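Please read the structure below before turning to the comments.
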Amino acid sequence: MNFSAIWAMYTSEMVRFFRTIAQSFISPVLSTSLYFVVFGAAIGSRIDQVEGVSYGAFIVPGLIMLSVMTQAISNASFGIYFPKFIGTIYELLSAPVNFLEVVLGFVGAAATKALFIGVVILVTAGLFVDFEIQHPLAMVLFLLLTCLSFSLFGFIIGIWAQNFEQLQLIPLLVITPLVFLGGSFYSISMLPPIWQKITLFNPVVYLISGFRWSFFGTADVPVGLSLLAIAGFTALCMGVIWWIFRTGWRIRA
């Protein structure tokens, strides 16, 4: 394992992140504040509790998942797409590093950035509502796995994308709607029976449900199933990335 190469790629990506540290932190804080004003205050004033939890506190896990998923995808996709765009990807491919070391460098940095954003939003949420984390270790585990899995997914998008517009295509048209429809701002038990069954086909439901369980001890689906879903998604992304580097799909063209 070439740890020097991993560290070089990791630090290079982190330096780019800290150059825009104000934008990186101010943007999610403002977005979270707006969500709490709109959903927590306006809508929350009309909803007393959801599954025994105040509505303002109930939406905290969903807000964190929304930002973490989108940030992980965005950071990882841009991180690998930019070397493709300027042509330095060929220097990376000719260097004595294997695909796992490349993934650890780029994906590790993207996951770290997403984790920072998740912590910032968690702290920001604490300024608006009172909540307790019943299972802090499980919360950290779900947060880390989400950062890792969606950074891997973003890495795949960055390799697939052929222009900057395509980098935003899947996060905007696929991930964001899935998060909104995946119980981030409501419990799927509030839906009619037929829609409850349909919603279970949304993979994001399992992530948000497990993450919410770590906060309040309530979940829409079994926690074990949530862990199995995110572990399977992570394994699938790793398999796709291995195939990409093995075949050179959209890297060596």
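Scanning the stretch 1-31 for residues that are in contact with a Pro (Cβ under 9 Å, 6 or more places away or on another chain) and of a type in the set (Lys, Arg) yields nothing.
How many residues are part of a loop (DSSP other than H, G, I, E, B), touching a helix residue (DSSP H, G or I) at 6+ places or on another chain (Cβ under 6 Å) and farther than 24 Å from Ile157 by Cα when one looks only at the stretch 213-253?
Residues of the stretch 213-253 that are part of a loop (DSSP other than H, G, I, E, B), as a first pass: 217-222, 248-253.
Narrowing the set further to residues that are touching a helix residue (DSSP H, G or I) at 6+ places or on another chain (Cβ under 6 Å) leaves 219-221, 250.
Checking which are farther than 24 Å from Ile157 by Cα leaves us with 219-221.
So the answer is 3.
So which residues in the stretch 30-89 are outside any helix (DSSP H, G or I) and among the hydrophobic types (A, V, I, L, M, F, W, C)?
Taking the stretch 30-89 and keeping what is outside any helix (DSSP H, G or I), we get 47-54, 59, 87-88.
Answer for the stretch 30-89, where residues must be outside any helix (DSSP H, G or I) and among the hydrophobic types (A, V, I, L, M, F, W, C): Ile47, Val50, Val53, Ile59.
A search for C-beta distances below 9 Å between a residue of the stretch 140-153 that is assigned to a helix (DSSP H, G or I) and any residue that is of a type in the set (D, E, K, R), counting only pairs 6+ apart in sequence or on different chains, returns Cys147/Lys113; Ser151/Lys113. When the stretch 161-201 is filtered for residues that are part of a helix (DSSP H, G or I) and of a type in the set (Gly, Ala, Ser), only Ser189 remains. Taking the condition at pLDDT below 90 and either β-branched (Val, Ile, Thr) or buried (at least 19 other Cβ atoms within 10 Å of the Cβ) (or both), does Thr124 pass? Spelling it out, Thr124 is indeed at pLDDT below 90 and either β-branched (Val, Ile, Thr) or buried (at least 19 other Cβ atoms within 10 Å of the Cβ) (or both). Under 21 Å from the mean Cα position of the chain (by Cα) and either surrounded by 20 or more Cβ atoms within 10 Å (Cβ to Cβ) or more than 17 Å from Ala138 (Cα to Cα) (or both): does that describe Gly183? Considered against the rule, which asks whether it is under 21 Å from the mean Cα position of the chain (by Cα) and either surrounded by 20 or more Cβ atoms within 10 Å (Cβ to Cβ) or more than 17 Å from Ala138 (Cα to Cα) (or both), Gly183 comes out as yes. Inspect all residues belonging to the stretch 230-248 and state whether any of them is surrounded by fewer than 17 Cβ atoms within 10 Å (Cβ to Cβ), of a type outside the set (S, T, N, Q), in contact (Cβ under 8 Å) with a residue 12 or more places away in the chain and under 29 Å from Ser54 (Cα atoms). Among the residues of the stretch 230-248, not one is surrounded by fewer than 17 Cβ atoms within 10 Å (Cβ to Cβ), of a type outside the set (S, T, N, Q), in contact (Cβ under 8 Å) with a residue 12 or more places away in the chain and under 29 Å from Ser54 (Cα atoms), which makes the answer no.
Within the stretch 186-219, the set of residues being charged (D, E, K, R) and surrounded by fewer than 22 Cβ atoms within 10 Å (Cβ to Cβ) comprises just one member, Lys197. Scanning the stretch 90-106 for residues that are more than 16 Å from Trp242 (Cβ to Cβ), assigned to a helix (DSSP H, G or I) and hydrophobic (A, V, I, L, M, F, W, C) returns a single hit, Leu92.
Quickly run through the stretch 118-165 and pick out the residues that are over 14 Å from Pro61 (Cβ atoms) and of a type in the set (Gly, Ala, Ser). The answer is Ser149, Ser151, Gly154, Gly158, Ala161. Pairs linking a residue in the stretch 186-203 that is within 18 Å of Glu51 (Cα to Cα) to a residue that is of a type in the set (D, E, K, R), with Cβ atoms under 8 Å and 6 or more positions apart or on different chains, are Ser187/Glu51; Ser187/Asp220; Ile188/Asp220; Ser189/Glu51; Ser189/Asp220.
The values are calculated or read from the model by the stated rules, or taken from the named source; none is laboratory data. It should be emphasised that the depicted structure is a prediction, and the values quoted were computed from it without experimental measurement. Positions of Cβ are generated from backbone atoms using ideal geometry, with glycine treated the same way; all protein chains shown enter the neighbour counts.
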